[in-house]
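Engineer: Please see the structure below; I have some questions.
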C-alpha cells in the first residue's frame with residue numbers, strides 16, 4: 001500500500017513536514033538507502049494537514065492554503081485539510097481545480113489512490 005513520511009524535499013527544493021502523509025511503496029523503494037534516511041526527495045501522494053487554534057484567522061488560514069497548494073504543485077495527488085473548528089474538510093486534488101469543501105463529513109476515503117484507507121473524523125471533531 002504505502003509508507004508514512006516524516007518530511008520530504010519537494011521537487012522545487014522546499015522541505016515540508018505535513019501532519020500526516022503517505023507515499024506509494026514502489027516510489028519509496030525506488031529511492032536509495034541514503035535518500036530514505038534523509039529528507040526523501042519526493043512529494044507524498046497523500047498529505048494531511050490539521051488546522052489548529054493557532055492557524056485560525058486570515059494569516060494562519062492563508063499559510064495552510066499556501067502549503068497545500070505547494071504540495072499540489074509538487075505532485076501530491078490528494079490532500080486533506082482538516083478544519084476542526086468548522087467540522088469541515090478541504091479536499092485538494094491534483095490539477096488546477098479549486099479545493100472542494102465538505103461540511104459535516106465524518107469519514108474520509110482515499111479511494112483508488114489508497115484502496116481501503118479511511119479516516120474516521122469523529123475524534124478529531126470532538127477534540
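Engineer: Grab every C-alpha pair in the chain, bin the distances at 10 angstrom width from 0 up to the longest one, and report whole percents.
Structural biologist: Going out from 0 Å in 10 Å bins, the chain shows 13, 44, 33, 10, 0 percent.
Engineer: Could you check what % of the DSSP bridge pairs in the range 2-126 are antiparallel, to the nearest 5?
Structural biologist: Details: 21 of 27 bridges.
Approximately 80 percent, going by the DSSP bridge assignments.
Engineer: Could you give the length gained by full extension between residue 93 and residue 107, i.e. 0.36 nm per residue of separation minus their alpha carbon distance, to one decimal place?
Structural biologist: Details: separation 14, 0.36 × 14 = 5.04 nm, distance 1.71 nm.
The span from residue 93 to residue 107 would gain 3.3 nm if fully extended.
Engineer: Also: Any chance you could give the angle, 0 to 90 degrees and rounded to 10, that helix 58-73 forms with the longest Cα principal axis of the chain?
Structural biologist: 40
Engineer: Efficiency by 1/(1 + (r/R0)^6): what FRET value for residue 15 and residue 36, r their Cβ-Cβ distance, R0 = 25 Å, to the nearest 0.05? If you can, show how the numbers build up before the last one.
Structural biologist: Details: r = 15 Å, r/R0 = 0.62.
For residue 15 and residue 36, the calculated efficiency is 0.95.
Engineer: Provide the gained length on full extension for the span residue 62 to residue 124, in nm with one decimal, where the gain is 0.36 nm per separating residue minus the Cα-Cα distance. All intermediate terms of the calculation are to be shown ahead of the outcome.
Structural biologist: Details: separation 62, 0.36 × 62 = 22.32 nm, distance 2.15 nm.
Once the chain is fully extended between residue 62 and residue 124, it gains 20.2 nm.
Engineer: Given a cut-off of under 8 Å on Cα pairs at least six residues apart, what relative contact order in percent is computed for the chain? Show your work: numbers first, answer last.
Structural biologist: Values: 219 pairs, mean separation 22.0, N = 127.
Relative contact order here is 17 percent.
We did not get these values from a lab; they are worked out from the coordinates using the rules stated. All of these numbers come straight from a predicted model, not from anything done at the bench. Counting neighbours? That spans all protein chains shown, and the Cβs are built from the backbone with ideal geometry, glycine included.
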